[in-house]
Structures are given as structure tokens and as C-alpha cells.
């Protein structure tokens, strides 16, 4: 069992945000090699057209092979474009190795700077080619990477692989060359997901291990989860900065009452736009769940969501949206108070003018 060989490929995904949203229909018209991807499992439960969100479009982009130790990437990379502004670039590395030898590949790929730089350059080329299809095009500085080991079934099956190569599988998933503690191994291999007797999906924070004759749907679900994680991170960071800016608007001193009313209206419009943009982006990310309806794939997605701490990100975002809403309400109250104060002064001035006219003789 020590010489168990695994045949398959390693898919390295780099996910970035390239704009507020992408018009996929318009982008597809500009790309002759693109294809739409529907999430289904074994050609069952295909998503209907009314699911509420457009599936991503995919295209093959030719580029130079990137050497990684004694391995190298293929010359064709896969680019996926998501409606809510996400972009995923996937590099493929084919292998036929012993289980223990894949630990070296995993550690080589961890924080691989040249591959990340190539991915950013490729993303900028895609954005330049599709600039008219992207709302507010801009490649984000933040990148989320994920590694998926996709292998064909072995003669002994996944149960034997899990039993005899627990340490090696955990090291592959954690990109660790040194042996891990039993507690760390248990955590890395927790909650495996399977559909058939020859299938196995293990999802961890840094990467995943997929075994099966056809694990393409599983890989696409993990790609979606990685893109969503990036979008949630960006949204949380943007909300953090917007809350700081909104507080500055709230505390800004005004020299005159009339000027305060004018500025207050602009401030209210600015905060309202922040709320609307952030709420729409959050809704777009959540709607991505509608891309698949198969129970097995939904179970795999939930496993990835737990690993990626989606619930914690969601709680943080909801809390910050609430703070932004509170700031908007405070600004609205201030504006209403100042309008009331302005009306009081107008009434006082009119009364004073009326009294003055009463005691002033007409000539």
C-alpha cells in the first residue's frame, strides 16, 4: 500500500474581483471560445433558466507553461467569469505519482508567487479584452487561491486510501512537509463527502482532494465557493472603510445652516448609494447558491462553506450593513432637525418683518 500511485491532475485556482458586475451575455458575444457551465451531477437535476442567476462563462486562454520544481503547468488555462464580478483562473498540472510524492507538489504550490503574478497579468488581459462588458473594471489587489487534487479511482477504493494514507493526505491538504499531529490529521480529513462507492471529496482550508471518474462538477462547486469567499472578504473590507467614511460625514462641522442643509443632502445620497451597492453585491453572492440544485452538490458546498467560515463572514457583513444603516438614520435625523430649525428661523423672521411693517408709517 506504500506504493499506491495516483493518476490525475492538480488544479490551482486564483480568484480575483475584476469589477462591480459582468454582463455575461455581452462578454460571450466578444469571445468565440467561451462556453457556459451548468452545475449538475451526473447529468441530473440541470438548472432551469429561471433560477435567477446566470451560470459563469468559461474560456480557454493560451499562455506559456510555468515550471514548478520538476512539474510544469499546461499551456492552456481556464478562465471563468461570474456575473457578480468574480474571475477565476485555473492552472492544470498533470501527475502520475505515489501518494507521498504529492506532498512535495503541494508544498511547492503553497504561496507560489510567480504563478500568482502570471494569474494577475492574465486577469488584466481578460479585463482589457472585455472592458465594455464589465461595470467599473478594476482587478482587485486581493487574491484567493485554492488547490484541488483530482485523481482517478484506485483498485482498493477511497476507503483503503483514507485508512492507509491518512498522514500523507493530511500533509497534501495542509501543504506541510513535516508530519502532523493526530489531531491535525483528524481535522484535515474531517467530514468527507461521497456520492458513489468510488467517489471521495475532502475539503480543507488550503485545498481539496477529489477522487472519482468524473469529479468536474465537484471542482466547479469548490471554484464557486472560493470566488464567493473572495467577494465576502472584499465586501467586508469595503464596509469597514465605508463605515469610517460615514462616521466622518456624521461628525463633519458645518459653518452655516443653509450650507449644512445642502451638504447633508449630499451626505445622505452618498451613504444611501453605499448601502444599495453593498446590499446588491451581498445579494448577488448569496444568489450564487441557485447555480445548482442537486442535494449531493449542495452537501459538498455546505462542507466548503463550513471550512471557509462563510457564516462568520456573513455575520460580520450583516453587522456592518446594520452600522451603515444606523449612520444613515442618524444623518437623516440630523437633516430633519436642521430643516425644522430652518423653518423656525424663517417663521421668526416673517413675524419680525410683519411687526416692523405694522409700526412703520407708510409714506
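Every number in this text was worked out from the coordinates using simple rules, so none of it is lab data. All values reported here derive from a predicted model rather than from experimental measurement. Virtual Cβ from ideal backbone geometry, glycine too; neighbours counted across all protein chains shown.
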Provide the gained length on full extension for the span residue 339 to residue 326, in nm with one decimal, where the gain is 0.36 nm per separating residue minus the Cα-Cα distance. 2.7 nm
Which of rounded, prolate, oblate describes the stretch 5-215, given a ≥ b ≥ c as roots of the alpha-carbon gyration tensor eigenvalues and a/c under 1.5 marking rounded, otherwise prolate only if a/b is larger than b/c? prolate
Once label points are set 7 Å from the Cα along Cα→Cβ at both residue 346 and residue 186, what is their separation, rounded to one decimal in nm? 7.2
Note on the stretch 94-164: alpha-carbon gyration tensor, axes a ≥ b ≥ c; rule is a/c under 1.5 for rounded, else prolate if a/b larger than b/c, else oblate; result prolate
Can you tell me, using C-alpha contacts under 8 Å and at least 6 residues apart, the relative contact order of the stretch 5-215 as a whole percent? 27
For labels at residue 100 and residue 26 in the simple 7 Å Cα→Cβ model, what's the distance in nm? 5.6
So for each of 347-359, 62-74, 119-131 I average, over its residues, the number of other beta carbons within 10 Å; can you give me the resulting order with the highest mean first? 119-131, 62-74, 347-359
Of the listed peptides 152-164, 18-30, what is their order by residue-averaged count of other C-beta atoms within 10 Å, with the highest listed first? 18-30, 152-164
